[in-house]
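Below you'll find the structure, written out as structure tokens, and then a few comments.
The values are calculated or read from the model by the stated rules, or taken from the named source; none is laboratory data. Worth saying up front: this structure is predicted, and the values here are computed from it rather than measured. Glycine also receives a Cβ, built like all others from the backbone with ideal geometry; neighbour counts cover every protein chain displayed. What goes into the accessible areas is simple: the full protein's heavy atoms, side chains included, and nothing from ligands, DNA or RNA. Shrake-Rupley method; radii C 1.70, N 1.55, O 1.52, S 1.80 Å.
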Amino acid sequence: MSGFLEGRTGLVVGVANKRSIAWACAQALHAQGMRLAFSFANDRLEKTVRKLADELEGSVCFPCDVTQPEEIDALFASVGDAFGLLDTLVHAVAFAKREELAGNFFETSKDGYMLAHEVSAYSLTAMARRALPLMEGRPGSIVTLTYIGSERVVKNYNVMGIAKAALEASVRYLAYDLGPRGIRVNAISAGPIRTVSAQGVEGFSEVLDHIAGMAPLRRNVTAEEVGDVAAFLASDMSRGVTGATMYVDAGYNIMGV
Ligand code: 1JT
């Protein structure tokens, strides 16, 4: 058995449970032969992440709260010790306070606004900078996750839409900076998927139903479908692609009326 990511290494940030998009990405990367490192943000997540990582042979796990610069330093030091070199970073973290994902956007608190941007947007740049020394001389690929709420108004998505817009712009600036080093940076704009993040979001079921009725494929997408595109973006098959936001949304983004 030999996959197209054989001999490569990757770091996956953002696994919360087995339904996480990050976990689907990890499975797709591992299925093609990639060896993986995972990070977990706190003690509660450690158990879950370690248990899942145990399913993928050769995986390692390290702590990292992405809001703590020293913890990101420590994470990349550990990944360097474990793998030597890094080919792929999958960034699949986002956070906003529940109360910010409902009601009026204009009522977003400064605190909530800053926190959403710190975790969901700045963390990509903070991690990319530390990944560089490990990706030097490798065909590096950085992949992050976004949502169309960055470009269009999606009721209740609110401050996350602003943060995802910053994230997508970061992808373009990082792609420009890192291109000369052979490192590519891309985003996947996924259709809505029932994950822990989406749980309890007001009106999420209606969003799913709306997509299933409107999208060209007349259905929602799965985390596995997103994972497969992440594997493509990590691989040499996408060697000519950088700075892109690639939709994995059953075609929803093309629709007008
Ligand atoms: C976060 C949450 C980021 C939910 C997210 C997200 N990116 C996409 N979703 C799903 C979603 C959420 C809303 C929506 C459509 C899709 C939860 C908190 C952490 C960050 O609008 C109806 C609100």
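Can you tell me which residue in segment 159-172 is surrounded by the fewest Cβ atoms within 10 Å (Cβ to Cβ), limited to those that are away from the ligand (no atom under 13 Å from the Cβ) and either hydroxyl-bearing (Ser, Thr, Tyr) or free of Cβ contacts under 8 Å to residues at least 40 places away in the same chain (or both)?
Top of the filtered list is Ala169.
Just to confirm my filter: which strands (runs of 3 or more DSSP E) fall fully inside segment 52-158 and include at least 1 residues that are within 24 Å of Gly182 (Cα to Cα), without any contact (Cβ under 8 Å) to a residue 40 or more places away in the chain and open to solvent by less than 40 Å² (accessible area, probe 1.4 Å)? Explain how you work it out, then say what you get.
On the way: elements: 60-63, 88-91, 141-146.
Correct list: empty, since no element meets the threshold.
Of everything in segment 232-257, what is touching a residue at least 60 places away in the same chain (Cβ under 8 Å), in a helix (DSSP H, G or I) and either β-branched (Val, Ile, Thr) or open to solvent by 20 Å² or more (accessible area, probe 1.4 Å) (or both)? Give them in sequence order.
The answer is Asp236, Met237, Tyr252, Asn253.
What single numbered condition from (1) open to solvent by less than 50 Å² (accessible area, probe 1.4 Å); (2) of a type in the set (A, V, I, L, M); (3) within 15 Å of the ligand (Cβ to nearest atom) fails to hold for Ala175?
(3)
Whether any residue in segment 182-196 is of a type in the set (Ser, Thr, Tyr) and out of contact with any helix residue (DSSP H, G or I) (no Cβ under 7 Å at 6 or more places or on another chain) is what I want to check. Steps first, please.
If we filter segment 182-196 for residues that are of a type in the set (Ser, Thr, Tyr), which is where we start, we get 189, 195.
Filter once more, so that each one left must be out of contact with any helix residue (DSSP H, G or I) (no Cβ under 7 Å at 6 or more places or on another chain): none.
Within segment 182-196 (the criterion being of a type in the set (Ser, Thr, Tyr) and out of contact with any helix residue (DSSP H, G or I) (no Cβ under 7 Å at 6 or more places or on another chain)), the answer is no, since none of the residues qualifies.
Among the numbered criteria (1) in a helix (DSSP H, G or I); (2) touching a strand residue (DSSP E or B) at 6+ places or on another chain (Cβ under 7 Å); (3) in contact (Cβ under 8 Å) with a residue 60 or more places away in the chain, which one does Val229 miss?
Tallying (1) in a helix (DSSP H, G or I); (2) touching a strand residue (DSSP E or B) at 6+ places or on another chain (Cβ under 7 Å); (3) in contact (Cβ under 8 Å) with a residue 60 or more places away in the chain, Val229 fails exactly one: (3).
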